[in-house]
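Q: Pasting in a structure now, in structure tokens, and then I'll have a few things to ask.
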Amino acid sequence: MSCKICNRKIKENGYCNLHLKSYQNIMEKFEGWKKASGTRWPDYLIEVQKNSLTGEWAKEVAKQLLEDESGHVKEKQETNTHQ
């Protein structure tokens, strides 16, 4: 199987080694951001993408996580309207 973002071999959680490290960093840093500023998950991912100090791997992961989040919200809304 391939990484969710690139065509490299999956290491863990659907990510290659490079994107996995970025994913882990994003996940670890979120709690600090949340405590310091009350930032919500989607807003945090947007800020990660906009930050000029964020590396390309992390920006790609943040974008993918945000797209997944948007997809889950859309699926949930569609499920609720069909009930």
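Q: Past 22 Å, Cα to Cα, is the threshold; run 11/34; 9/34; 29/59; 34/59 against it and keep the listed order.
A: 11/34; 9/34
Q: Of 65, 24, 37, which is farthest along the charge dipole of segment 14-75 in the positive direction, counting Lys and Arg as +1 and Asp and Glu as -1 at C-beta?
A: It is 37, whose Cα lies furthest towards the positive end.
Q: Now a separate question. Using only Cα atoms, what Kirkwood radius does segment 1-77 have, in angstroms?
A: Computed over Cα pairs of segment 1-77, the Kirkwood hydrodynamic radius comes out at 13.0 Å.
Q: Would you tell me the accessible area of residue 5, worked out with a 1.4 angstrom probe on the heavy atoms of the protein chains, in Å² to the nearest 10?
A: Rounded to the nearest 10, the figure is 60 Å².
Q: Let me ask another. Nothing charged except the Cβ atoms of Lys and Arg (+1) and of Asp and Glu (-1): what's the magnitude of the dipole of segment 1-59 about its Cα centre? Round to the nearest 20 debye.
A: 140
Q: Quote the accessible area belonging to residue 2 in square angstrom, nearest 10, computed with a 1.4 Å probe and with ligands, DNA and RNA left uncounted.
A: Using a 1.4 Å probe on the heavy atoms, I get roughly 60 Å².
The values are calculated or read from the model by the stated rules, or taken from the named source; none is laboratory data. Just so it is clear, the structure is predicted and the values come from calculations on it, not from any experiment. Every residue, glycine as well, gets a Cβ built from its backbone with ideal geometry; the counts of neighbours run over all protein chains shown. Only protein heavy atoms, including side chains, enter the accessible area calculation; ligands, DNA and RNA are left aside. Shrake-Rupley method; radii C 1.70, N 1.55, O 1.52, S 1.80 Å.
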